Amino acid sequence: MSTTAKTTSKGTVQMQREGHVATLIFDNPPRNMLTTGMFEELGRHVHALDADPDVRAVVIRGAGERLYTVGADIGEMDVVASWERREANAVAWLGGIHAVLDAIERSPKVYLCAMKGHSYGGGLETAAACDIRIAASDARFAMPEVKLGIIPGYGGTQRIARLIGMGHALTMVLGAREINATTAEQWGLVDVVTPAGEAESTALAMAQAIGDYAPIALANAKRAIRAGADLDLSTGLSEEMDHFVACVTSRDFDEGRRAFHEKRRPVFQGA
């Protein structure tokens, strides 16, 4: 099943479904620039998928064969830059986008981002909010905002610095340095590098494998890891224990144990 929601601005976010996996596709040819309307649409999809018990993993990618996305539609900033309400416009605009990316981080679903070609600016910041990042060997990554007299505003100064460390983040942001997939993997910006042309199929295969696992285990593992990143070790271990208990008291755990002893594939229900 495939659906495409309407948006009030150029570009759209398509959604496709296959089993326990949904794919969200940035579609704004020729360079998949991300508009405010597309982020609003992305937010609606995230909200709907959170409420769908059949979906366990979500892949985000760009439409077409050439690239993931070159980032934000700079033309939209002409509205934000109105002198009369410049500060209020910027706060409202970024607040809406932050809410969408925060929702991806908080979602009980596993989000994977598949990147090819150009992966710049707001697109890279969107990828940083995902749980797993897969890149083709020909992908290039950059945060070029300082060239426009601004800084990354979709969470890039925070999420990307947490992923790759302050020194690498300063190099990318202050130097507007473009890096290749090998460097991105070495720095921890991406988790898996594939041959050119295989990032999306690899992400989908990984998402399908994840889709066979217990939804309660997936959601609790994600929460434990993300919460623990901001906690000291002792508090983090306590957090882990709470999430472990939530899993061990579930019917999915009973099903997993039965399937193991019966040497069959488990059928998890998310309960």
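A short reminder: the numbers here are calculations on the coordinates, not readings from a lab. Source: prediction; values computed, not measured. Cβ sites come from the backbone with ideal geometry, for glycine too, and all protein chains shown count toward neighbours.
Could you work out the local net charge near G197, counting Lys and Arg as +1, Asp and Glu as -1, over the other residues with Cβ closer than 10 Å to its Cβ?
Values: positive: K116; negative: E65, D138, E198, E200.
Computed value for this residue: -3.
What does the net charge come to around R251 if you take all other residues with beta carbon closer than 12 Å to its beta carbon, with K and R at +1 and D and E at -1?
Numbers: positive: R257, R258; negative: D252, D254, E255.
Result for the neighbourhood of R251: -1.
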Quick one: 3J(HN,Hα) in Hz for region 21-29, Karplus 6.51/-1.76/1.60 with θ = phi - 60°, rounded, Gly and Pro as x. 10, 10, 10, 10, 10, 6, 10, 8, x
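Enumerate the helices in the chain for which the Kyte-Doolittle hydropathy averages 0.5 or more and the C-alpha atoms extend at least 18 Å along the helix's axis, using complete DSSP H runs. The partial results should precede the final answer.
Numbers: long enough: 36-50 (21 Å, -0.31); 86-106 (30 Å, 0.29); 215-228 (19 Å, 0.24); 233-248 (22 Å, 0.54).
TM-like helix candidates: 233-248.
Using a Förster distance of 25 Å, how high is the FRET efficiency between R257 and R17, based on the Cβ-Cβ distance and rounded to 0.05?
On the way: r = 30 Å, r/R0 = 1.20.
Approximately 0.25, to the nearest 0.05.
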Linear extension gain, D52 paired with I74, 0.36 nm per residue minus alpha-carbon span: 4.5 nm
Loop-resident sites, region 16-88, for GluC sites (Glu not before Pro), counting at most 10 other Cβ within 10 Å (DSSP): E65
Run the simple label-point estimate for V91 and I150 please: 7 Å along Cα→C-beta, distance reported in nm. 1.7
Label D230 and E65 with points 7 Å out from Cα along Cα→Cβ: what is the distance between them in nm? 4.4
The chain: Cys lacking any partner C-beta under 4.7 angstrom: C247
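Is it possible to state the helix-based mean residue ellipticity at 222 nm for the chain, with each DSSP H run of 4+ residues giving -39500 (n - 2.57), the sum divided by total residues, to the nearest 500 deg cm²/dmol? What is it? Don't skip to the end; give the middle numbers.
Numbers: 11 runs with 128 residues, N = 271.
Value at 222 nm, helices only: -14500 deg cm²/dmol.
Write down the percent of antiparallel bridges among all DSSP beta bridges whose residues are both part of the chain, to the nearest 5.
Details: 12 of 34 bridges.
Restricted to the chain, the bridges split so that about 35 percent are antiparallel.
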